[in-house]
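Presented below is the structure to which this report refers.
The values are calculated or read from the model by the stated rules, or taken from the named source; none is laboratory data. The structure presented is a predicted model; accordingly, all values stated were derived computationally and were not measured. Cβ coordinates were reconstructed from backbone atoms using ideal geometry, including for glycine residues, and neighbour counts include every protein chain displayed.
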Amino acid sequence: MVARIAFRPLLRVLSGSRKAKTWADLKLLLKERLFVRRVAAKDRDPLPPVLFQMATAYWLSQAIYVAAKLDIADLMENAPQSSVALAAATRSDARSLFRVLRALSSIGVLSQVDKDAFTLTRLGNALRSDVPGSLRAILITIGEIHYQACGELLHSVRTGSPAFNRVFGASLFEYLQQNHATGVAFNRGMTDLVSLLARAVLLAYDFSGITSIIDVGGGEGEFLRSILELYPGMTGIVFDLPNEFRLPTRAANRAQRCSYMAGNFFDSVPENAEAYLLCGVVQDWSDDLAVVILGNCRKAMAKNGRVLIVDTIVPETNSPSFSKLLDLNMMVMTTGRERTKAEFHSLLGAADLRLTRIIPTVAPQSIIEAIP
């Protein structure tokens, strides 16, 4: 499927971004997705076999995690820094940190500008915590709980059960509720990702005519607030467990149109909305539980209602796709999965819904629209 940017939503997003001073976010998304700049490979040593490189990719992922965890990017925001200075600031071993910085420089995350002086590259800038499109929080989560769970992938393959439960002694969402710091990092990371994903969705889907929307499992509500910002005639409700709500100050001007309601989507969802948004929700659950969530949306929606699922679509062909790797992550983390178009048809049918269209975006996720 070819990523889509619809003309009317594009004009609305461009206008809204200038008014809301979120142009930097949109510019980042378009640059990273449509105008990707490759890192030049000059003076490269011979590489080992490709399969070996694939098998050792976790060496790099953990080096990136260390840089994120130690706030390396924030510390070198204004000028090149030495490993000695960075080690003192992060209470690390200077020689060991130098080796991590050198490795990250070799792949373009950092740049080694002198024997012991490193600076950020455009690629590494997303490690900063204070920039539009920051990936720092989600990379910390990936480097900790995701990394540990993935180490037990074999357990999931042999048993059909999430490896996360074996490693941490609880399901993912139970663990996040029981461990506050981990839960905060996880939610912050998801909010950062959603802020970028919302831009991709808004560029592809025209929400005109929808006057009420429920963000089911919407967490901190970043996605819904992005929609309301561009569609002033719409009201919305963020619906999630009570511990997920952290209303940012910047949302105050939309408070009258954006409300928060606590509840469990396995029991019910708020009634009579025209649209029910499920971003990254359906993928977290088994087919049986996903049907319960979708069925509750079907029961609650207004007569002219629709469901909008934002998830990846697994190609039926033998083609490369991020969704196929993301599906492995879902296998070890939850009982959920990424699904094909045919599987979404079946899932929605079981909830008395009909898939009307699938709209690709400039992100890996697509918009799956369904009506009664």
| query | Any residue in region 349-358 that is surrounded by 17 or more Cβ atoms within 10 Å (Cβ to Cβ) and closer than 27 Å to Phe164 by Cα? | reply | no
>> Among the residues of region 90-105, are any touching a residue at least 40 places away in the same chain (Cβ under 8 Å) and within 12 Å of Phe118 (Cβ to Cβ)?
In response: yes
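Every residue, every condition in (1) aliphatic (A, V, I, L, M); (2) at pLDDT below 95, yes or no:
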residue: Val36; (1), (2): yes, yes
residue: Arg44; (1), (2): no, yes
residue: Leu47; (1), (2): yes, yes
residue: Gln53; (1), (2): no, yes
residue: Ala67; (1), (2): yes, no
residue: Ala73; (1), (2): yes, no
residue: Thr90; (1), (2): no, no
The residue from Glu152, Glu222, Glu229, Glu174 that alone is in contact (Cβ under 8 Å) with a residue 12 or more places away in the chain, surrounded by fewer than 20 Cβ atoms within 10 Å (Cβ to Cβ) and out of contact with any Leu (no Cβ under 7 Å at 6 or more places or on another chain) is Glu152
Notebook entry, point to check: Is it the case that Met331 is more than 20 Å from Phe265 (Cβ to Cβ) and crowded, with 22+ Cβ neighbours inside 10 Å?
Noted result: yes
The condition of being on the phi > 0 side of the Ramachandran plot, out of contact with any Pro (no Cβ under 9 Å at 6 or more places or on another chain) and surrounded by fewer than 14 Cβ atoms within 10 Å (Cβ to Cβ) holds, among Arg122, Arg91, only for Arg91
Fill in: Yes/no for Leu202 being crowded, with 21+ Cβ neighbours inside 10 Å, in a helix (DSSP H, G or I) and over 14 Å from the mean Cα position of the chain (by Cα)
yes
Checked pairs for region 353-372, first of a type in the set (A, V, I, L, M, F, W, C), second assigned to a loop (DSSP other than H, G, I, E, B) and at pLDDT below 95, C-beta under 6 Å and 6 or more apart or across chains, list as Ile359/Arg4; Val362/Ala3
Within region 349-372, restricting to residues that are of a type in the set (Gly, Ala, Ser) and not in a helix (DSSP H, G or I), the one that is farthest from the chain's Cα centre (by Cα) is Ala351
From the option list Leu110, Leu86, single residue qualifying as over 27 Å from Val332 (Cβ atoms), buried (at least 17 other Cβ atoms within 10 Å of the Cβ) and touching a Gly at 6+ places or on another chain (Cβ under 7 Å) is Leu110
Of Thr356, Thr334, the only residue that is modelled with pLDDT of 95 or more, hydroxyl-bearing (Ser, Thr, Tyr) and farther than 24 Å from Pro9 by Cα is Thr334
Residues in region 68-80 that are within 19 Å of Val113 (Cβ to Cβ) and either assigned to a loop (DSSP other than H, G, I, E, B) or touching a Gly at 6+ places or on another chain (Cβ under 8 Å) (or both) total 6
Screening Ser323, Ser346 for residues that are small (Gly, Ala, Ser), crowded, with 16+ Cβ neighbours inside 10 Å and not in a loop (DSSP other than H, G, I, E, B) leaves only Ser323
The number of residues in region 124-149 that are in contact (Cβ under 8 Å) with a residue 24 or more places away in the chain and under 13 Å from Val332 (Cβ atoms) is 5
Margin query: Going residue by residue through region 114-137, is there one that turns out to be farther than 12 Å from Ile64 by Cβ and in contact with a Gly (Cβ under 6 Å, 6 or more places away or on another chain)?
Written below: yes
Filtering region 125-137 for residues that are assigned to a helix (DSSP H, G or I) and surrounded by fewer than 20 Cβ atoms within 10 Å (Cβ to Cβ) leaves a count of 1
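The rows are residues; the columns are (1) in contact with a helix residue (DSSP H, G or I) (Cβ under 7 Å, 6 or more places away or on another chain); (2) at pLDDT 90 or above; (3) on the phi < 0 side of the Ramachandran plot.
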residue	(1), (2), (3)
Leu176	yes, yes, yes
Thr182	yes, yes, yes
Leu196	yes, no, yes
Phe207	yes, yes, yes
Ser212	no, yes, yes
Val216	yes, yes, yes
Glu220	yes, no, yes
Gly233	no, yes, yes
Phe239	no, yes, yes
Residue set Arg158, Arg91, Arg99; condition more than 29 Å from Ser195 (Cα to Cα), among the charged types (D, E, K, R) and in the same structural domain as Ala198 (by TED's automatic domain parsing); output residue Arg158
Exception for Leu110 within (1) among the hydrophobic types (A, V, I, L, M, F, W, C); (2) more than 29 Å from Pro9 (Cβ to Cβ); (3) not assigned by TED's automatic domain parsing to the domain that holds Ala55 falls at (3)
